[in-house]
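Inspection log for the structure reproduced underneath, given as structure tokens.
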Amino acid sequence: MIYDYIVIGGGIVGVSIAWQLQQRHPHKTVLLLEKESGYSRHQTGHNSGVIHAGVYYAPGSLKAKFCKAGVAATIKFCHEHNLPVDQCGKLLVATNALELERMHTLYQRCIDNDIAVSLLDQHQLRHAEPNIVGLGAILVKDTAIVDYRQVTETMAQQFIELGGDAKLEHRVVALNESAEQVQVEALHHDAKVTFNGKFLVTCSGLMADRTTKMLGIKTDFQIIPFRGEYYQLPAQHNNIVNHLIYPIPDPELPFLGVHLTKMIDGSVTVGPNAVQGWKREGYGRINISLKDVWQMLTFSGFWRVLANNLGTGLRETKNSLWKPGYLKLVQKYCPSLTINDLTPYPAGIRAQAVMKDGSLVHDFLFATSPRSLHVCNAPSPAATSAIPIGEYICDKIDQAQ
């Protein structure tokens, strides 16, 4: 059998693409391959569960457009399929004069991006959040929380009900492209299985660079993993905040800073930080992969990123190893928390595409061949934007064909 489309990757972006391809082309065959025993086992299933409103993105950019469209599309999908979603809103809290100045810049960006926001002064902030201190805040009304694993699993079920073919526990080990088709070799319980398709789409996340290399596509980037470490507050603190609480981010850094997140199950998490990962799929406390480390150390872009962000990297590593340092980041706006309130919670890994010159890729990055399209970088918040991203990529696939 020759499939019309083969999609590799069972995270939310890959599943969204497969689902929308099957919707667009009901009489064509779509195969979805995932190496794990379930969907969303990597980046999709290891994040804060936030449906972002698009505060941080340049007006008119794809990220801003996709994020705004993604909020509406994700909430609509949840309502249609009876999935829990809570539009609790987010507060970006300024705790000093510099952050207050940055807060007003961010507020203007929200206005430019047509995001529903309001400014709170110190007294209004205290009224809205009695346990939070700050000089002021931006209230982002559209921000919501959800369980992205549930969303992805439901989307995958919709794909299957439309006639899509989904195969779990199939790890792709080789790709070959000819003028007529693409051949995919996968291991399923140690047995080699071969699939043939007219067009291939890959959404490999943490393995995106390795997938393109399987087809011999020349690229100028490598995936560098960054660990995002979280803590969870004890159940007695489940009502410590009414909204999501974020710091005002440093615009020079690609990460948003440690925040308090209400989860859809009622709990509250603290995090994430951003420390260098030494294993692409390393979610435990200590994780090292010799293969992953060697590829990083032999990639010139890694050393340039290290040099450009040495101070930040050292601070993040110190706070990762020294819990009081991590706590201090949270006490800046929530001083009542103590060291004993930070209880263990699983880490996440961010697949950061880095170019050879050491620049971090902040936008979408694709690689193509005559019969394939590879999503090499789907920047945060990809989970929020998965439905419009899927639509955009389906358009690119149709154009390519």
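The values are calculated or read from the model by the stated rules, or taken from the named source; none is laboratory data. From a predicted model like this one, the values you see are computed outputs, not experimental measurements. Methodologically, a virtual Cβ is constructed for each residue, glycine included, from the backbone with ideal geometry; neighbour enumeration extends over all protein chains shown.
Values as computed for the structure displayed
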quantity	calculated
Region 178-205 - residue that is at pLDDT 95 or above and either of a type in the set (D, E, K, R) or in contact with a Pro (Cβ under 7 Å, 6 or more places away or on another chain) (or both) and, of those, farthest from residue 369 (Cα to Cα)	192
Residues (among the hydrophobic types (A, V, I, L, M, F, W, C) and buried (at least 24 other Cβ atoms within 10 Å of the Cβ)) located in region 388-400	389, 393
Yes/no for residue 209 being crowded, with 22+ Cβ neighbours inside 10 Å, out of contact with any helix residue (DSSP H, G or I) (no Cβ under 6 Å at 6 or more places or on another chain) and charged (D, E, K, R)	yes
Any hit, region 183-196, residues being within 24 Å of residue 401 (Cα to Cα), buried (at least 18 other Cβ atoms within 10 Å of the Cβ), in contact (Cβ under 8 Å) with a residue 40 or more places away in the chain and not hydrophobic (A, V, I, L, M, F, W, C)	no
Any hit, region 292-306, residues being more than 21 Å from residue 354 (Cα to Cα) and in contact with a helix residue (DSSP H, G or I) (Cβ under 6 Å, 6 or more places away or on another chain)	no
Close pairs (8 angstrom Cβ cut-off, 6 or more residues apart or separate chains): farther than 20 Å from residue 243 by Cα in region 100-123, part of a helix (DSSP H, G or I) anywhere	113/64; 113/68; 114/68
Any pair with Cβ under 7 angstrom, 6 or more apart, that starts in region 273-285 at a residue that is at pLDDT below 90 and ends at one that is of a type in the set (Val, Ile, Thr) and part of a loop (DSSP other than H, G, I, E, B)	273/258
Cβ-Cβ under 7 Å pairs, at least 6 apart or on other chains, region 148-163 side on the phi > 0 side of the Ramachandran plot, far side crowded, with 18+ Cβ neighbours inside 10 Å	163/22
Search result, residues across region 179-221 that are polar (S, T, N, Q) and assigned to a loop (DSSP other than H, G, I, E, B)	181, 204, 219
2 or more residues over 22 Å from the mean Cα position of the chain (by Cα): qualifying strands (runs of 3 or more DSSP E) within region 127-167	136-140, 165-167
Single residue of 69, 64, 73 found to be free of Cβ contacts under 8 Å to residues at least 60 places away in the same chain, of a type outside the set (Lys, Arg), part of a helix (DSSP H, G or I) and crowded, with 17+ Cβ neighbours inside 10 Å	64
Residue check, residue 115 at pLDDT 95 or above, touching a helix residue (DSSP H, G or I) at 6+ places or on another chain (Cβ under 9 Å) and either outside any strand (DSSP E or B) or surrounded by 19 or more Cβ atoms within 10 Å (Cβ to Cβ) (or both)	no
Scope region 222-270; condition among the hydroxyl-bearing types (Ser, Thr, Tyr) and in a strand (DSSP E or B); matching residues	230, 231, 246, 261, 269
Scope region 148-174; condition surrounded by 22 or more Cβ atoms within 10 Å (Cβ to Cβ) and either small (Gly, Ala, Ser) or in contact with a strand residue (DSSP E or B) (Cβ under 6 Å, 6 or more places away or on another chain) (or both); matching residues	156, 164, 170, 172
